[in-house]
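Structure first, commentary second.
The values are calculated or read from the model by the stated rules, or taken from the named source; none is laboratory data. Predicted, not measured: the structure shown is a model, and the values here were computed from it. Cβ: placed from backbone, ideal geometry, glycine included. Neighbour counts: every protein chain shown.
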Amino acid sequence: MYSLGGYGTMIADPIRVEAYSEALRRTVRPGSVVVDIGTGQGVFAILACQLGASRVYAIDPDPIIQVAREVAAANQCADRIEFIEDVSTRVELPSRADVIFSDMRGVLPLFTQNIPSIVDARRRFLAPGGTLIPKKDTLWAAIAEAPETYGKIVDCWDKNVFGLDLSPARRMAVNDIGKVRLSPEQLLTKPQLWHTLDYATIEDPNVQGRLSCTIERTGTGHGVLVWFEAELIDGVGFSNAPGISEIIYGSLFFPWLEPVPLAAGQPVCVSLEAKLVEDDYVWRWTTQVASPDGSATVANFEQSQVAGAVLSLTKLHNRASDHIPQLSEEGRTRCRALALMDGKATLEEIARQLAAEFPGRFARWQRALSYAADIAAENSRSR
């Protein structure tokens, strides 16, 4: 969930905004039906109306959609836009769309439910012959020399002022990934195609692939950089590649366990895997660095975000298959609140009942009202 300022940053990115605007200008026709998934503040839904769309379904689960409603009214488009506060996979629409528009990327398109949402919308919302925006994303990777970026990851553990051995924390730090901005001069290999996400055919949100790279110049390898090139429609797109004008996305950096001196002509193989687990991607990257003549392996790193996760032994025990759970007071309160939401009782009636049954939890029924309202927002159907 973004802040209002975060949404403002998105629409202030001229490269992103102009590319998406041009894609809409080339695809929306008078009378078009448009679906805008992740509408945010509604800017592109309004643009679709200005381009002649007869109906726009603007979908977003974030409360920012209320701002979008007000912005649409201020631009005399509210009568042609239906705002739907929900995730698109739970939405039913009365008609199919000529254009489906979305931008739900993070640093990469492999971000939360972006791909499953596009696949679902393509199946259920898109009319025959309709247009998906974006059309596809191409993922690229290269070995990077990034001492400053790498230093920010490890120096606090390697050079701590207490002189302590913080290597356990360091091992976790180099098994995580982050958004960075690097220059083309920091790449030690030519960009390698890792994967293409073709949204007209894609089904599986998981991606894996192997890269075989050759070092172009002598330097020190610190990790792998990954970026994307977006093709919104034929001939219209943008990229967050190194050297491209700065946009909001940045690129994604996968640090190595240790820096590795590299010579021109030296072979490096990298396996990258991204697996969607519930609402987040879990990344795994394996690197093999051969000697300059290819006769031996000088570095072999197996890394994963799982190895970088800070895990609680207590929480792991509580998730074991043989664990026998017992409801806490919070669990009992929540279960009771859900049971009282039978489609007949008002929130006030539910709150008063909760306050009577759990006096230690709610000193006044008004406190129970806020609690019940939050649970209702998460679990009940809107009317």
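Contact map, segment 323-339: first residue assigned to a loop (DSSP other than H, G, I, E, B), second residue polar (S, T, N, Q), Cβ cut-off under 9 Å, separation 6 or more or different chains; pairs are Pro325/Asn318. Output yes when any residue across segment 150-164 is in contact with a strand residue (DSSP E or B) (Cβ under 8 Å, 6 or more places away or on another chain) and either in the same structural domain as Ile115 (by TED's automatic domain parsing) or not in a helix (DSSP H, G or I) (or both), and no when none is. No, because not a single residue in segment 150-164 is in contact with a strand residue (DSSP E or B) (Cβ under 8 Å, 6 or more places away or on another chain) and either in the same structural domain as Ile115 (by TED's automatic domain parsing) or not in a helix (DSSP H, G or I) (or both). Among the residues of segment 177-199, the ones that are among the charged types (D, E, K, R), closer than 16 Å to Val224 by Cα and in contact with a strand residue (DSSP E or B) (Cβ under 8 Å, 6 or more places away or on another chain) come to 3 in all.
For segment 23-42, the set of residues classified as of a type outside the set (S, T, N, Q) and either surrounded by fewer than 16 Cβ atoms within 10 Å (Cβ to Cβ) or over 20 Å from Lys135 (Cα atoms) (or both) consists of Arg25, Arg29, Pro30, Gly31, Gly40, Gly42, listed by residue number.
For segment 1-15, a residue qualifies if it is aliphatic (A, V, I, L, M) and farther than 16 Å from Ile247 by Cα, and the qualifying residues are Met1, Leu4. For segment 222-264, a residue qualifies if it is in a strand (DSSP E or B) and without any contact (Cβ under 8 Å) to a residue 40 or more places away in the chain, and exactly one does: Ser239. From the list Glu145, Glu82, the one residue that fits, being of a type outside the set (A, V, I, L, M), in the same structural domain as Ile11 (by TED's automatic domain parsing) and over 23 Å from the mean Cα position of the chain (by Cα), is Glu82.
Going through (1) assigned by TED's automatic domain parsing to the domain that holds Gly223; (2) in contact with an Asp or Glu (Cβ under 9 Å, 6 or more places away or on another chain); (3) polar (S, T, N, Q) one by one, Asn175 falls short only on (2). Given the structure, is Leu182 at pLDDT 95 or above and under 17 Å from Cys269 (Cα atoms)? The answer is no for Leu182.
Scanning segment 200-217 for residues that are without any contact (Cβ under 8 Å) to a residue 60 or more places away in the chain, surrounded by 14 or more Cβ atoms within 10 Å (Cβ to Cβ) and either not in a strand (DSSP E or B) or not β-branched (Val, Ile, Thr) (or both) yields a single hit, Glu216. Of the helices (runs of 4 or more DSSP H) that lie entirely inside segment 1-64, those containing 2 or more residues that are modelled with pLDDT under 95 span 4-11, 14-27.
Within segment 67-96, the set of residues being part of a helix (DSSP H, G or I) and under 18 Å from Cys49 (Cβ atoms) comprises Val67, Ala68, Arg69, Glu70, Val71, Ala72, Ala73, Ala74, Ala78, Asp79, Arg80. Quick check on Val289: is it touching a strand residue (DSSP E or B) at 6+ places or on another chain (Cβ under 8 Å), in the same structural domain as Gln303 (by TED's automatic domain parsing) and surrounded by 21 or more Cβ atoms within 10 Å (Cβ to Cβ)? Here the answer is yes, as Val289 does meet what is asked. Taken residue by residue, segment 241-249 has no member that is more than 28 Å from Asp137 (Cβ to Cβ) and among the small types (Gly, Ala, Ser).
Of everything in segment 148-186 that is within 25 Å of the chain's Cα centre (by Cα) and among the polar types (S, T, N, Q), the residue that is farthest from Gln305 (Cα to Cα) is Ser183.
The residue list Leu182, Leu197 contains one member that is touching a residue at least 60 places away in the same chain (Cβ under 8 Å), assigned to a loop (DSSP other than H, G, I, E, B) and not aromatic (Phe, Trp, Tyr), which is Leu182.
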